[in-house]
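Engineer: Take this structure first; my questions come after.
Taken together, the values in this text are just the output of simple stated rules run on the coordinates, not laboratory data. Not measured: the values here are computed from a predicted model. Note: ideal-geometry Cβ built from the backbone for every residue, glycine included; neighbour counts use all protein chains shown.
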Amino acid sequence: MLNNMIAKKNSLQRIIFLGPPGSGKGTQADVVSKKFKLPHISTGEIFRKILKTNTELSKKIKEYVTNGKLVPDEIVFKTIESVIKKGKKFLLDGFPRNLVQAKMLEKNLEKNNNIQKVFYFNISDKEVIKRLTSRRTCPSCGKNYNIIFMKPKKDNLCDKCNTNLIIRDDDKPETVKKRLKVYKKDTKPLVKFYKDKDLLVEIDANKSVSEITKQIFYVFETY
């Protein structure tokens, strides 16, 4: 019954998922994207595809990512600009990451296509470190796992393509700590920015995957 109500209502069409790495944004974005037919625009996924190419851009991005730094605003915005300008519906995951990017986004959105809600995934540093250092990724198909919460059916093998799973460079403990520092300095100010615009919805991201999904679905139902 609840799912039917949400599906009929579904007037939320332009949203942002904001939060530190490891807060569950990507997992929830996949669920919400499928449920509400919203194109999932993930800068992380876009960059990972670029990193598989042998180009100057891939070399530049790799240098930033492996050192736990944010990719420059101009490079980030170019990767998603065409998608944003085209679409009246989208879920932004991993963008914007700072105030400059947020203002770029505002400037480039048409008046009738403004952001409707920003979901802030609030989570403790301890939980972030635990989750990220437990994450494993399939280098072949890109599917993500977690050896604590979302284990593969066979040890260290992808369920989808049977490839050996790896720990990404940006999920190693020393890089995770750097990423958190960068997040607090550059990205966390966006919480106040969107709160002042009355767009922010706080999600308790310390909870389980299913409990986080319920929180998000409730917002869609009541919007």
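Engineer: For the chain, what is the relative contact order in percent, using Cα pairs closer than 8 Å and at least 6 residues apart in sequence?
Structural biologist: Here the relative contact order equals 30 percent.
Engineer: Can you tell which of 55, 128, 199 lies farthest toward the positive end of the dipole of the chain, using +1 and -1 charges on the Cβ of basic and acidic side chains (Lys, Arg; Asp, Glu)?
Structural biologist: 55
Engineer: Let me ask another. I'd like the FRET efficiency for residue 172 and residue 223, computed as 1/(1 + (r/R0)^6) with the beta carbon distance as r and R0 of 30 Å, rounded to 0.05.
Structural biologist: On the way: r = 39 Å, r/R0 = 1.29.
Here the calculated transfer efficiency is 0.20.
Engineer: Springs between alpha-carbon atoms under 10 Å, Gaussian network over the chain: tell me which of 209, 76, 65 tops the mean-square fluctuations.
Structural biologist: With Cα springs under 10 Å in the chain, the top fluctuation among 209, 76, 65 is at 209.
Engineer: While we're on this one: Can you give the three extents of the C-alpha atoms in segment 151-223 along their principal axes, from longest to shortest, in whole Å?
Structural biologist: Principal extents (Cα only, largest first): 46, 33, 19 Å.
Engineer: Next question. Return the calculated 222 nm mean residue ellipticity for the chain, to the nearest 500 deg cm²/dmol, obtained by summing -39500 (n - 2.57) across DSSP H runs with n ≥ 4 and dividing by the residue count.
Structural biologist: -14000 deg cm²/dmol
Engineer: While we're on this one: Suppose every K and R has +1 on its Cβ and every D and E has -1 on its Cβ; what is the size of the dipole of the chain about the Cα centre, in Debye to the nearest 20?
Structural biologist: Using only the charged Cβ atoms, the result is roughly 240 debye.
Engineer: Using the 2.2 N^0.38 Å rule of thumb for compact globular proteins, work out how segment 111-200 stacks up: its C-alpha Rg over that value, please.
Structural biologist: The value comes to 1.39.
Engineer: Using bins 5 angstrom wide from zero, how does P(r) for segment 43-98 break down, in % of all Cα pairs?
Structural biologist: Here the calculated profile for segment 43-98 is 4, 18, 30, 26, 13, 7, 2.
Engineer: Could you tell me which residue out of 77, 116, 150 lies farthest along the dipole of the chain toward its positive end? Charges go on the beta carbon: Lys and Arg +1, Asp and Glu -1, centred on the Cα centre.
Structural biologist: Final value for the positive-end residue is 150.
Engineer: Please turn the phi angles of segment 44-52 into ³J(HN,Hα) values with the Karplus equation 6.51 cos²θ - 1.76 cosθ + 1.60 (θ = phi - 60°), one per residue in order, whole Hz, x for glycine and proline.
Structural biologist: x, 5, 4, 5, 5, 5, 5, 5, 7
Engineer: Quick one: which of 69/184; 34/214; 34/130; 59/85; 62/160; 60/172 span more than 18 angstrom between C-alpha atoms?
Structural biologist: Details: 69/184 12 Å; 34/214 15 Å; 34/130 27 Å; 59/85 27 Å; 62/160 26 Å; 60/172 20 Å.
The pairs that break the limit, which is 18 Å between Cα atoms, are 34/130; 59/85; 62/160; 60/172.
Engineer: Starting from one equal scatterer on each C-alpha and no solvent at all, send me the Debye-based log10 I(q)/I(0) for segment 23-154 at q = 0.15, 0.22 Å⁻¹, two decimals.
Structural biologist: Cα-only, vacuum Debye calculation for segment 23-154: -0.87, -1.59.
Engineer: From the P(r) of the chain, could you give the percentage of C-alpha pairs in the tail past 23 Å? All intermediate terms of the calculation are to be shown ahead of the outcome.
Structural biologist: Details: 11906 of 24753 pairs.
Roughly 48 percent, once rounded to a whole number.
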